[in-house]
């Protein structure tokens, strides 16, 4: 279950609270492009419209061997979850400052494309600086212990 596409900035820009798994409706050329790691979740988010989940602003590169029936690169893609889960997510979004962001797209054991989404709260600049400082301090300590 290796990630085909991952949103690496999500952990830097957001505080991840809870993760969920959702199916995604893709076209044939999108699946083939994803297998070639041709996608990006940078600046993408998940929105709820009429009790349906939509992946907005994600990019899946056009398939290189596709023809005129190739898919558009940045289209809105429908996500599949149970109705109760969508209602729960909708209640989460009512809280101030929470958003739904995609973390990764991957194939499960059966070969079905899935999206890992998370409810997240945006980090402030000083939170990001504190996280960077903590990471650098632990690296420095590990380096010092290795050289002793």
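The values are calculated or read from the model by the stated rules, or taken from the named source; none is laboratory data. Predicted model only: the values in this text are computed from it and were never measured. Cβ coordinates were reconstructed from backbone atoms using ideal geometry, including for glycine residues, and neighbour counts include every protein chain displayed.
For the stretch 62-77, taking the residues that are within 19 Å of the chain's Cα centre (by Cα) and either part of a strand (DSSP E or B) or modelled with pLDDT under 80 (or both), the one that is surrounded by the fewest Cβ atoms within 10 Å (Cβ to Cβ) is identified as 74. For first residues located in the stretch 12-29 and closer than 14 Å to residue 118 by Cα, partners that are surrounded by fewer than 13 Cβ atoms within 10 Å (Cβ to Cβ) and modelled with pLDDT under 90 and lie 6+ apart or on another chain with Cβ distances below 6 Å form the pairs 14/122.
Of all residues in the stretch 36-50, those that are without any contact (Cβ under 8 Å) to a residue 40 or more places away in the chain and closer than 22 Å to residue 86 by Cα total 3. Annotation note: of 112, 105, the sole residue that is surrounded by 15 or more Cβ atoms within 10 Å (Cβ to Cβ) and modelled with pLDDT of 85 or more is 105.
Kindly check whether there is at least one residue in the stretch 119-132 that is part of a strand (DSSP E or B), out of contact with any helix residue (DSSP H, G or I) (no Cβ under 8 Å at 6 or more places or on another chain) and either in contact (Cβ under 8 Å) with a residue 24 or more places away in the chain or exposed (fewer than 11 other Cβ atoms within 10 Å of the Cβ) (or both). Among the residues of the stretch 119-132, at least one is part of a strand (DSSP E or B), out of contact with any helix residue (DSSP H, G or I) (no Cβ under 8 Å at 6 or more places or on another chain) and either in contact (Cβ under 8 Å) with a residue 24 or more places away in the chain or exposed (fewer than 11 other Cβ atoms within 10 Å of the Cβ) (or both), which makes the answer yes.
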